[in-house]
Amino acid sequence: MPKNPTSYRDARPESDLFNKAGHRLPSVIVMKDGKPRTYELKEIDKDEAWLKQEIEAHQIAPEDIFIAEFWDGRIVFILNDGRVIK
């Protein structure tokens, strides 16, 4: 791995996610109880606008989301009623 993890992050494929320190991320919880987790979004180079777009694309109301997990370049929503939406 290059000594400068920032440049490595910029060059990496989306499915090979690393945090800012250059460590591989197994998964990241980007939303919990309908509230975005901004620090975690920044860790994967995303923002609240991206999350809102994903929620709208899946036709989900934010208040119905228990957890939104980002892993391997994809987001999965676990809803309060137990449904999983990929």
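Read-outs: derived from the displayed coordinates by stated rules, not from any lab. Just so it is clear, the structure is predicted and the values come from calculations on it, not from any experiment. A quick note on method: Cβ atoms are made from the backbone with ideal geometry, for glycine too, and the neighbour counts reach across all protein chains shown.
Here are a few things to note about the model shown:
- Entry note: the stretch 35-86 has Rg to Rh equal to 0.93, where both radii use alpha-carbon atoms and Rh is the Kirkwood radius.
- Taking a sphere under 10 Å around the Cβ of ILE60 and counting the other residues whose Cβ falls inside, with K and R at +1 and D and E at -1, yields a net charge of -3.
- Two-site label geometry, LYS35 and GLU56: point separation in nm, points 7 Å out along Cα→Cβ: 2.4 nm
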